[in-house]
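Everything on this sheet refers to the single structure shown next.
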Amino acid sequence: MKIIARDIPPRAAWALEQAGIHPLLARLYAARGVQAKDELDDGLTRLLPPSGLKGIQEAARLLADAMAQNLRLCIVADYDCDGATACAVAVRGLRLLGARHVDYLVPDRVVDGYGLTPPIARRVKERGADLLITVDNGIASCEGVAEAKALGLAVLVTDHHLPGSELPAADAIVNPNQPGCTFESKSIAGVGVMFYVLLALRSELRARGVFDAPSTAGPPQGASAPLGGSAAHAVASVGAHKPLQPKLDPLLPLVALGTVADVVRLDTNNRRLVAQGLKRIRAGQMQPGIAALLRVAGRQPPLATTFDFGFALGPRINAAGRLADMTLGIECLLTDDAARADHLAQQLDAINRERREIEGGMREQAQLLAENLFEDGEEPPPAISVFDPDFHEGVVGIVASRVKDRLHRPTCVFAASGAPGKEHELKGSGRSIPGFHLRDALDLVAKRHPGVLLRFGGHAMAAGCTVPEDQFEVFEQALAQVAREWLDAATLTRRL
């Protein structure tokens, strides 16, 4: 392991100091990538405008048309904290803006797997929905979107994951990482994407004359819609006038929680979203579910930090998707009943304790399996893949992260699929190190060894995949070969 000093760009440090920043803080900010003083302004007016997101105007019109026709909307969520918060933001925000029929469905990790699949599309149709909206998933769900369209559903995909070679044939797609999108914050989380869609929808509704008057807070630069306000404004009216324009900033605590819990890069825009959410929590302005989760974790809202999001609230919500049903987590974030929020938070806390016990045993076994791949005194292989029949598929991602941290190697941990009819499949979750794009590595493995990867997707630093059990060794060797080609000694050296 090498301990190196973080690079401090001298010009950036000098510019910050000249702008009135204390010399020590100027060096710290410059080391963290801050180039100018205005990047330190976390005000809502400094947020990137929604118009920069490709497809967002089409999405706003699609939603506004559906609301005007009183159609039924169904959110298809993901089973992690980003997906849960994105679902809560979507449901709360759409209702706030006047949608009368908003439902949601969250896939089961074991039975359904990840993303919008054809069976999920059929379940959405059976619920009587007219418009299907994905949050934190869908960019790789070509078959699921095709099935939804064949069933007569309109489809809006909101996602932030990397697309494959083919985009789904949805009515609208909002994803900063889709081809042709110029939105600067490529690291925005799924919950942030949905929040931006709501901003664009409100602007569209205002242009159609739905609201009586705008709220008083200033808009982000380049955006025509202000952010501030409360849910009460959604239904408030003056005499026989139209509803007042609602404010969307009450959703920011959820946006902040999902952004931190998904471990996306805190670029300037994400940092502003998180800072605004934290300010509201510290001021006691939050959903009852967030307040209840802070209580069961023994944290005080006035002292809340991003640490609480990442290590107290996020794991408790994630635990529901790993071991039980993420509906628990979503309902905790959706309820406005403090007593129900407390009850759900206590359930999530109990599930998280069970998750920690399972993880502890799996981590030890995974570490032993990984260490058996090389002799004492030798360097670990360039990539590590481990599988044990007793592993729980809901915890493989956490365990992969722990092994990756210990050995500083891209790591994939696999468990047997518990889905009916898929007993001979292994579901894996991977975590990577800087310099090794895990999703692209899986793509290369799939091209070199057709049939080894049944499904895969994800990001540079985290990805998931499914392989036939009898192809595990082929996958293990193939991933190690890609790592051998892509990684050099400097990249494989841990840096602190």
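Could you list, in sequence order, all residues of the range 103-124 that are without any contact (Cβ under 8 Å) to a residue 40 or more places away in the chain, crowded, with 18+ Cβ neighbours inside 10 Å and not in a loop (DSSP other than H, G, I, E, B)? Answer for the range 103-124, where residues must be without any contact (Cβ under 8 Å) to a residue 40 or more places away in the chain, crowded, with 18+ Cβ neighbours inside 10 Å and not in a loop (DSSP other than H, G, I, E, B): 105, 121. Within the range 1-38, the residues that satisfy the criterion of being within 30 Å of residue 489 (Cα to Cα), surrounded by 18 or more Cβ atoms within 10 Å (Cβ to Cβ) and aliphatic (A, V, I, L, M) are 30, 34.
Specify which of the listed residues (453, 444) is modelled with pLDDT of 95 or more, of a type in the set (A, V, I, L, M), out of contact with any Asp or Glu (no Cβ under 7 Å at 6 or more places or on another chain) and open to solvent by 30 Å² or more (accessible area, probe 1.4 Å). Going through 453, 444 in turn, the sole match is 444.
Return a yes/no flag: does the range 73-88 have any residue that is buried (at least 17 other Cβ atoms within 10 Å of the Cβ), in contact with an Asp or Glu (Cβ under 6 Å, 6 or more places away or on another chain), of a type in the set (A, V, I, L, M) and modelled with pLDDT of 95 or more. Among the residues of the range 73-88, at least one is buried (at least 17 other Cβ atoms within 10 Å of the Cβ), in contact with an Asp or Glu (Cβ under 6 Å, 6 or more places away or on another chain), of a type in the set (A, V, I, L, M) and modelled with pLDDT of 95 or more, which makes the answer yes. Within the range 341-373, the set of residues being within 30 Å of residue 287 (Cβ to Cβ) and in contact (Cβ under 8 Å) with a residue 40 or more places away in the chain comprises 341, 342, 344, 345, 346, 348, 349, 355, 359. I'd like the full set of residues that are closer than 17 Å to residue 56 by Cβ and open to solvent by 10 Å² or more (accessible area, probe 1.4 Å), limited to the range 143-160. Selection gives 154 alone. Take the conditions (1) aliphatic (A, V, I, L, M); (2) more than 22 Å from the chain's Cα centre (by Cα); (3) open to solvent by 40 Å² or more (accessible area, probe 1.4 Å); residue 99 misses just one of them, which is (3). Is there a residue in the range 126-139 that is assigned to a loop (DSSP other than H, G, I, E, B), among the small types (Gly, Ala, Ser), out of contact with any helix residue (DSSP H, G or I) (no Cβ under 9 Å at 6 or more places or on another chain) and without any contact (Cβ under 8 Å) to a residue 60 or more places away in the chain? Yes, some residue in the range 126-139 is assigned to a loop (DSSP other than H, G, I, E, B), among the small types (Gly, Ala, Ser), out of contact with any helix residue (DSSP H, G or I) (no Cβ under 9 Å at 6 or more places or on another chain) and without any contact (Cβ under 8 Å) to a residue 60 or more places away in the chain. Within the range 178-193, can one find any residue that is at pLDDT 95 or above, open to solvent by 10 Å² or more (accessible area, probe 1.4 Å), within 21 Å of the chain's Cα centre (by Cα) and over 30 Å from residue 443 (Cβ atoms)? Among the residues of the range 178-193, not one is at pLDDT 95 or above, open to solvent by 10 Å² or more (accessible area, probe 1.4 Å), within 21 Å of the chain's Cα centre (by Cα) and over 30 Å from residue 443 (Cβ atoms), which makes the answer no. Restricted to the range 321-341, and to residues there that are modelled with pLDDT under 95 and in a helix (DSSP H, G or I), the residue that is least open to solvent (accessible area, probe 1.4 Å) is 321.
Of all residues assigned to the range 472-483, at least one qualifies as being open to solvent by 10 Å² or more (accessible area, probe 1.4 Å) and aromatic (Phe, Trp, Tyr).
Annotation note: Cβ proximity below 8 Å between a residue of the range 461-473 that is under 20 Å from residue 373 (Cβ atoms) and a residue that is among the small types (Gly, Ala, Ser) and surrounded by fewer than 18 Cβ atoms within 10 Å (Cβ to Cβ) (sequence gap 6+ or interchain) occurs for 471/451.
Within the range 346-361, none of the residues are at pLDDT 95 or above, open to solvent by less than 50 Å² (accessible area, probe 1.4 Å) and in contact with an Asp or Glu (Cβ under 8 Å, 6 or more places away or on another chain).
The values are calculated or read from the model by the stated rules, or taken from the named source; none is laboratory data. It should be emphasised that the depicted structure is a prediction, and the values quoted were computed from it without experimental measurement. All Cβ positions, even for glycine, are placed from backbone atoms using ideal geometry, and neighbour counts span all protein chains on display. Heavy atoms of the whole protein, side chains included, go into the accessibility calculation; ligands, DNA and RNA do not. Shrake-Rupley method; radii C 1.70, N 1.55, O 1.52, S 1.80 Å.
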